[in-house]
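The values are calculated or read from the model by the stated rules, or taken from the named source; none is laboratory data. The structure presented is a predicted model; accordingly, all values stated were derived computationally and were not measured. Because the Cβ atoms are built from the backbone with ideal geometry, glycine has one as well, and the counts that use them run over all protein chains shown. Accessible surface is based on the protein model in full, side chains and every heavy atom, while ligands, DNA and RNA are left aside. Shrake-Rupley method; radii C 1.70, N 1.55, O 1.52, S 1.80 Å.
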Amino acid sequence: MYLLYSALVAVVLVLGSPYWLYQMFRHGKYRRGLGQRLGLVPKHFLGSRPPSIWIHAVSVGEVLAVSELAPALRVQFPGDRVVISTTTDTGQKLAATRFGAENVFYFPLDFAFAARRWIAALRPEMIVIAETEFWPNFLRIAKSSSAKIAVVNARISDRSFPGYLRWKGILTRILRNVDLFLAQSAEDARRLAAIGADASRVMVGGNLKYDISPPPVAPIVDRLRSALDAAETHPVLVCGSTVEGNPEAEEAILAEAFHWVLGRHRSAVMLLAPRHPERFDAVAALLQQSKLKFFRRSQWNGESLSGAVLLIDSIGELSSLYALADIAFVGGSLVPRGGHNIIEPAQYGVPILVGPHTENFRDIVDLFRGRDAVRVVSPPDLGSVFLELLADESQRRELGRRAAEALQSQRGATQLTLRKLQELLTPQAHEANPA
């Protein structure tokens, strides 16, 4: 099975090479870390070094999810080096900032030769995979190295679940390599067992993202706050993680809603942060066509933002920008893309709006909806809901307060996960000290 799988991966890479090459040269995607993806291990990971705990976090969301877990593992296992791999460039940048560039690298492509080189260099005692990354060759080779393997913060989305079920026969063999699954919710645990995970190895660990601490305040926040206060620019709408869609992008829907807001609030400002950096230019062109005044974050020199959109064409600043918001909108939800995490604005007690497509974060959104701590709106209603909330300060304040309280009530997954990982890696110590 593994030989056939490797052959299919190779065929897909060859057939897809024109697309990958286009993305490399047109957008710079996949170019960074190509050698590491192919198993070339940098010198600072080689030589006489302690064994490691290897955490794999695909992109920004997963890096944020393990941002409390990784330092806790360093404290718990001082004899091991904690290293972090990512798949995306944005995840790599954030991981380097949070955990140190010397501890971060790109996850290898799922070829046996690439995985073997990294495992031989890092000598992992334990591999911790965030959310859902079931790479057959990697898991098989990692298991043969005697490393313990845990999948934490595991979730099976509504979109992926039917596909996993179709491949249950093969997945059952692949998932045997995993020693422990810590699911975000009881439903995720049920789905893991349904697609082939050994039910005795599946537990509910909670959602690590509830434990994320607010990031250090980005310098742009203080600069913007000073500029907004000086020009009495308000209210502030922060619209983050927006995506393209069919027939129209979320930014087009937000631009139309912002026109509504400007009809009542001429000094309003929208901070607009697209999810993917390669779309920055396309969103700038869209704003140009919308007839809205706008500035790009990379080119803004302190001009008045009254009645304007500030396009956040930068990485790593959105989370702390939510602190400026009178209302936050979290994207990926007006179009059927599954939504994005609403925890970041909740950390600041900000009233949150999302669209109807939130299945990727169904448990978080359901919790917040059950506590009246988020508003779900359809695209045609977005402008009127903005205006409704802007007209009622007490309603905004209460919505934000309930969001912060909902977040606080769910904290604790990191400590539970840490305890279960300790039991997995040092079962003898746990048996000797069951408390």
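Provide a single number: the residues in the range 185-205 that are modelled with pLDDT of 95 or more and either touching a helix residue (DSSP H, G or I) at 6+ places or on another chain (Cβ under 6 Å) or among the aromatic types (F, W, Y) (or both).
Counting residues in the range 185-205 that are modelled with pLDDT of 95 or more and either touching a helix residue (DSSP H, G or I) at 6+ places or on another chain (Cβ under 6 Å) or among the aromatic types (F, W, Y) (or both) gives 9.
Looking for something acidic (D, E) and touching a helix residue (DSSP H, G or I) at 6+ places or on another chain (Cβ under 6 Å) - is there at least one such residue anywhere in the range 223-244?
Scanning the range 223-244, I find no residue that is acidic (D, E) and touching a helix residue (DSSP H, G or I) at 6+ places or on another chain (Cβ under 6 Å), so the answer is no.
Scan the range 40-67 for residues that are open to solvent by less than 20 Å² (accessible area, probe 1.4 Å), touching a Pro at 6+ places or on another chain (Cβ under 8 Å) and within 12 Å of A121 (Cβ to Cβ) and report the count.
2
Tally the residues that are in contact with a Pro (Cβ under 6 Å, 6 or more places away or on another chain) and part of a loop (DSSP other than H, G, I, E, B), restricting the search to the range 303-330.
1
Among the residues of the range 113-155 satisfying the criterion of being among the polar types (S, T, N, Q) and in contact with a helix residue (DSSP H, G or I) (Cβ under 8 Å, 6 or more places away or on another chain), which is farthest from G47 (Cα to Cα)?
N153
Based on what the data block shows, is D366 under 25 Å from E131 (Cα atoms) and of a type in the set (D, E)?
Here the answer is yes, as D366 does meet what is asked.
What number goes with the only condition from (1) open to solvent by less than 10 Å² (accessible area, probe 1.4 Å); (2) without any contact (Cβ under 8 Å) to a residue 40 or more places away in the chain; (3) touching a Ser or Thr at 6+ places or on another chain (Cβ under 9 Å); (4) not small (G, A, S) that V204 does not pass?
The number of the failed condition is (1).
When the residues of the range 184-199 are filtered to those that are out of contact with any Lys or Arg (no Cβ under 7 Å at 6 or more places or on another chain) and among the hydrophobic types (A, V, I, L, M, F, W, C), which remaining residue is surrounded by the most Cβ atoms within 10 Å (Cβ to Cβ)?
Top of the filtered list is L192.
Among (1) out of contact with any strand residue (DSSP E or B) (no Cβ under 9 Å at 6 or more places or on another chain); (2) at pLDDT below 95, which single condition is T132 missing?
(1)
Which of (1) of a type outside the set (D, E, K, R); (2) open to solvent by 10 Å² or more (accessible area, probe 1.4 Å); (3) over 16 Å from A142 (Cα atoms) does A120 not meet, given it meets every other one?
(3)
Just checking, does the range 344-362 include any residue being at pLDDT 95 or above and basic (K, R)?
There is no residue in the range 344-362 that is at pLDDT 95 or above and basic (K, R).
Just to be sure before I move on: is Y30 among the hydroxyl-bearing types (S, T, Y) and modelled with pLDDT of 70 or more in the structure I sent?
Here the answer is no, as Y30 does not meet what is asked.
Taking the range 237-249 only, how many residues are open to solvent by 10 Å² or more (accessible area, probe 1.4 Å) and out of contact with any Gly (no Cβ under 7 Å at 6 or more places or on another chain)?
Final tally of qualifying residues: 6.
In the range 290-317, how many are modelled with pLDDT of 95 or more and either open to solvent by less than 20 Å² (accessible area, probe 1.4 Å) or hydrophobic (A, V, I, L, M, F, W, C) (or both)?
Of the residues in that region, 11 qualify.
Taking D158 as meeting all but one of (1) within 19 Å of K420 (Cβ to Cβ); (2) loosely packed, with under 14 Cβ neighbours inside 10 Å; (3) touching a helix residue (DSSP H, G or I) at 6+ places or on another chain (Cβ under 6 Å), write down the number of the exception.
(1)
Name the residue that is nearest to P51 (Cα to Cα), counting only residues in the range 89-111 that are touching a residue at least 24 places away in the same chain (Cβ under 8 Å) and open to solvent by 40 Å² or more (accessible area, probe 1.4 Å).
E102
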